[in-house]
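J.: Pasting a structure here, questions to come.
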Amino acid sequence: MKQRVIKIVLIVVSTLAIIILALALVISPIAKNYIERHSKELIGRKVTMQDLHLNIFNGKMEVDAFKMYEANDRDLFASIDTFAINMSLYKLISSKIEITQVKVIVPYAEILQKGDSFNFDDLKPKKDTTKVKKSKSSFPKSIILKNIYIRGGKLVYKDLLLENTIRMNDMGVSIPKLTFEQGSTLAGINLKINNDATLNSKLALNMRTSEYRLNLQIKRLPIDIITPYVKAYYNIGKLEGLANGDLLITGNSKHIMDFTIQGTGSATGFSMTNNLGEPVASAKNADAKIDKIYMPKSTYLFDFIHASDVNLSFILKPKTNNVTVLFKPADKNAVASTTSEPMTVKIKDLHITNSQLAYTDKTLRTPFSLPIKKIDFQSSNFDMNGTNEFKVKAAFPEGGNMRFSWKGSMNDLSNQQIMINMQNLSLRLFSPYCLEYTAFDITKGNLNFISKNNILNNNIVSTNMLDVYKMQVGNKHKDWKAEYKVPLKLALYILKDKDEKIKFDVPVKGSIKDPQFSYRKIIFKTLVNLMVKVAVSPVRFLANTLGLKSDKLEEIDIEPLQTGLTAQQYSQLNDLARIVKSKPEMTLMLTQYVNLKEELPLYAIYKTKMDFLKSINKNDNKVFFTYDEVQAVKNNDKSFLEYLDNLVKSQGKVTTDASFQEKVNSLYVPDSLKTDLQGKMERRNEHLKNYLITTGEVPMKNLMIKTADKATLDAYDKRAVYKLDMSLLGAENPDVK
């Protein structure tokens, strides 16, 4: 009986073993066939695989050439060359799941995004609205995954609307241990982005607290992969360069946006243009050390930001510039956020070296371009919400240099301090501005310019000192319509001292909030007004320069009938001689003006008195009497009146009952009297000329003394004077040359 029982047990055990063995042999193809035939029912996608191996004895499973297709059953969505998993079956007895190895070889997936839709949306679990009473399950007590290994992975991401593709190649993942609900997890991920960029990461995750530390090392990441996303906010054209980073990110996985970033970052070959193809900025190298970036509080703290070989471009156009073009018009329907945290940006050391700014002004008819090189920009302890100070050094073409400093708050531009010190600046570089406003080209000259500006409550008080040396301009462009009419050549020559230097101060005041306020235009208009003032009254300016009484040198008053010069007139001529000798390239012009209508009757009286004196001094043989001697004879002198009446009677042209002036006028032919007076005026011209040449030692080429033309004299009705003017030698019209 005992043997029979043993025999039956052996038969049952053998049968069970055979059944289990048979089941083990057929379960893999059965499972493979079932999964492939019912994949649409199970997950909604077509699935195929080359082989499926299940080992029910040791808990191993391996899948070869696994493929999952898109919802259309034609296009490939994801694939895995080899997927293998090992499970410790005996752990199930104690309600524990422990997977000792997960191996994924050459996984592939293609993620497609179109707006808010993805090509995997249909794979997401559907929300179950059925209310089911939940009971606490005691299985499993723990889940542990060990030795997770992924090699040769490839992920392709395509944004169909933005037409942007990012390829992640050679993806590798290594996770020694993953413990759910307890313990810590360590993971390492490395991959290639597109062809050259690499990303390596190490993750430490506390499964109990959900706190994590993620170390990221990024090398040669192409910046252009973010171009489509930046274009959504800014009008950029190209965005190029490579980014590198060694970052530590800490946070809590339960709060996705609550994380902190520390570490270092750098960029090389950065370049950005606007959507018009105009350059905006580029940099050969840029480095930063991040103390803390905390997004929820908009906090950005840097130990340093350094950059070198930065190239900035500013292209000024009539209505905009290449920088403002970047900004898209504000959305009128957008609601301003009132809950966002104020941004905090602090940089302990901000330094930009060996850089350049290319400034181009296309608002002029002749475009202006100025490359500013060797820029060195520094700021210590920069605080976007505090008071800061910037210091800049730069070089201009042809040996010029500049120092610039700014002190103020980025949030309060109504209060600032600005200082500019430019030395040895070649004025020829700024010829387009001079041509635009005055129709003259600048051909030569150097400038030192020091400007100190204090802005308080939007009101600027500025002192500007200009020191110009050997500035020269070409001939005026006669066909050029200039904004200001100024005889620039003449003004410059007058302003120059004996060493060809020009120094003057230009104050600027006004409100920077005033739309009409323009610092550049105020400076230029002040200079132009000075030029005009100097050119219009060169004698007055030069007299002031030499310490002479300029109010006595506007004109020289004369008595039309005087035969000599007064002491004051000689003094004025002496001062004029000194002025001319200080400016040897200028011509002194004295033009004599006399009111002929008023002076001819007086000249008739003068001549009559002269003849009267000659008649009563025949015995002395005196033929010449001074102006004062003639004027000493009174019109009511009895002897003179008797002399006049005798002359009138002898000529018989008027009666003795005529007026005094009628009697005198009857003695002379008007044209002859006028000719005689003009001859007297010409003799005075010669006398002045001879005095200035002989006594004043003024070269003849520097003198032009004349009487106003007939038409001018016939219309002139003011007092008799010599009007003074000065012009450059050979310049017919100071407004032209």
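The values are calculated or read from the model by the stated rules, or taken from the named source; none is laboratory data. If you're wondering where the values come from, they're calculated on a predicted model, not measured in any experiment. FYI the Cβ positions are ideal-geometry reconstructions off the backbone, even for glycines, and counts take in every protein chain you see. With ligands, DNA and RNA removed, areas are computed over all heavy atoms of the protein, side chains included. Shrake-Rupley method; radii C 1.70, N 1.55, O 1.52, S 1.80 Å.
J.: Any residue at all in the stretch 273-286 that is surrounded by 16 or more Cβ atoms within 10 Å (Cβ to Cβ) and in contact with a Pro (Cβ under 9 Å, 6 or more places away or on another chain)?
T.: The answer is yes; a qualifying residue exists.
J.: What's the total number of residues in the stretch 634-657 that are within 16 Å of Y606 (Cα to Cα) and small (G, A, S)?
T.: Matching residues across the stretch 634-657 total 1.
J.: So, one more: When you check V536 against the structure, is it of a type in the set (A, V, I, L, M) and in contact (Cβ under 8 Å) with a residue 12 or more places away in the chain, yes or no?
T.: no
J.: Which residue pairs have Cβ atoms under 7 Å apart, sit 6 or more places apart or on different chains, and have a first residue in the stretch 472-483 that is within 20 Å of I502 (Cβ to Cβ) and in contact (Cβ under 8 Å) with a residue 24 or more places away in the chain and a second that is among the β-branched types (V, I, T) and not in a strand (DSSP E or B)?
T.: Matching pairs, first to second residue: K476/V736.
J.: Let me ask another. Can you tell me how many residues in the stretch 674-733 are outside any helix (DSSP H, G or I), open to solvent by less than 50 Å² (accessible area, probe 1.4 Å), at pLDDT 90 or above and in contact with a helix residue (DSSP H, G or I) (Cβ under 9 Å, 6 or more places away or on another chain)?
T.: The qualifying residues number 8.
J.: Any residue at all in the stretch 135-150 that's part of a strand (DSSP E or B), surrounded by 13 or more Cβ atoms within 10 Å (Cβ to Cβ), modelled with pLDDT of 80 or more and in contact with a helix residue (DSSP H, G or I) (Cβ under 9 Å, 6 or more places away or on another chain)?
T.: No, that holds for no residue.
J.: Any residue at all in the stretch 297-305 that is within 21 Å of E278 (Cα to Cα), aliphatic (A, V, I, L, M), under 25 Å from the mean Cα position of the chain (by Cα) and modelled with pLDDT of 90 or more?
T.: no
J.: Further question on the same structure: Any residue at all in the stretch 489-512 that's small (G, A, S), open to solvent by less than 20 Å² (accessible area, probe 1.4 Å) and at pLDDT below 90?
T.: Yes, the stretch 489-512 has at least one match.
J.: Return the pair list, or none, for Cβ contacts closer than 7 Å from residues in the stretch 59-72 that are without any contact (Cβ under 8 Å) to a residue 60 or more places away in the chain to residues that are in a loop (DSSP other than H, G, I, E, B) and of a type in the set (S, T, Y), at least 6 apart or on different chains.
T.: G59/S88
J.: If a residue must be open to solvent by 60 Å² or more (accessible area, probe 1.4 Å), closer than 25 Å to D287 by Cα and in contact (Cβ under 8 Å) with a residue 40 or more places away in the chain, how many such residues does the stretch 207-230 contain?
T.: Looking only at that region, the number is 1.
J.: Right, here's the next one. Among the residues of the stretch 55-65 satisfying the criterion of being touching a strand residue (DSSP E or B) at 6+ places or on another chain (Cβ under 6 Å) and open to solvent by 50 Å² or more (accessible area, probe 1.4 Å), which is farthest from I43 (Cα to Cα)?
T.: K60
J.: Where in the stretch 547-655 are there helices (runs of 4 or more DSSP H), lying fully within it, with 3 or more residues that are among the aliphatic types (A, V, I, L, M) and exposed (fewer than 12 other Cβ atoms within 10 Å of the Cβ)?
T.: Filter on the stretch 547-655 gives an empty set.
Each row is one residue, and each column tells you yes or no for (1) aliphatic (A, V, I, L, M); (2) touching a Leu at 6+ places or on another chain (Cβ under 6 Å); (3) open to solvent by 70 Å² or more (accessible area, probe 1.4 Å); (4) modelled with pLDDT of 85 or more.
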site: N322; (1), (2), (3), (4): no, no, no, yes
site: K328; (1), (2), (3), (4): no, no, yes, yes
site: D331; (1), (2), (3), (4): no, no, yes, no
site: V335; (1), (2), (3), (4): yes, no, yes, no
site: T338; (1), (2), (3), (4): no, no, yes, no
site: V345; (1), (2), (3), (4): yes, no, no, yes
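J.: Checking D575 against (1) under 30 Å from L492 (Cα atoms); (2) touching a residue at least 60 places away in the same chain (Cβ under 8 Å): exactly one of these is not met. Which one?
T.: (2)
J.: Of G241, G245, G265, G237, which residue is outside any loop (DSSP other than H, G, I, E, B), among the small types (G, A, S), at positive phi and surrounded by 15 or more Cβ atoms within 10 Å (Cβ to Cβ)?
T.: Exactly one residue qualifies, and that residue is G241.
J.: Condition first: outside any strand (DSSP E or B), modelled with pLDDT under 95, of a type in the set (S, T, Y) and open to solvent by less than 80 Å² (accessible area, probe 1.4 Å). Can you find one or more residues in the stretch 413-432 that meet it?
T.: yes
J.: Further, regarding this structure: Do you know which residues across the stretch 380-424 are farther than 24 Å from I460 by Cα and within 20 Å of the chain's Cα centre (by Cα)?
T.: A394, A395, F396, P397, G400, N401
J.: Identify, by number, the condition in (1) surrounded by 15 or more Cβ atoms within 10 Å (Cβ to Cβ); (2) in contact with a helix residue (DSSP H, G or I) (Cβ under 8 Å, 6 or more places away or on another chain); (3) at pLDDT 90 or above that T438 doesn't meet.
T.: T438 satisfies all of (1) surrounded by 15 or more Cβ atoms within 10 Å (Cβ to Cβ); (2) in contact with a helix residue (DSSP H, G or I) (Cβ under 8 Å, 6 or more places away or on another chain); (3) at pLDDT 90 or above except (3).
J.: Right, here's the next one. Select, from K289, K254, K238, the only residue that is of a type in the set (D, E, K, R), under 28 Å from the mean Cα position of the chain (by Cα) and within 30 Å of A204 (Cα to Cα).
T.: When all the criteria are applied, what remains is K289.
J.: Looking only at the stretch 494-525, which residues are more than 22 Å from the chain's Cα centre (by Cα) and in contact (Cβ under 8 Å) with a residue 60 or more places away in the chain?
T.: I494, K498
J.: In the list F259, F270, F302, which residue meets the criterion of being of a type outside the set (S, T, N, Q), surrounded by 14 or more Cβ atoms within 10 Å (Cβ to Cβ) and within 13 Å of G241 (Cα to Cα)?
T.: Sole residue among the options that is of a type outside the set (S, T, N, Q), surrounded by 14 or more Cβ atoms within 10 Å (Cβ to Cβ) and within 13 Å of G241 (Cα to Cα): F270.
J.: Further, regarding this structure: Quick check, is A482 buried (at least 18 other Cβ atoms within 10 Å of the Cβ) and closer than 22 Å to S727 by Cα?
T.: In short, no.
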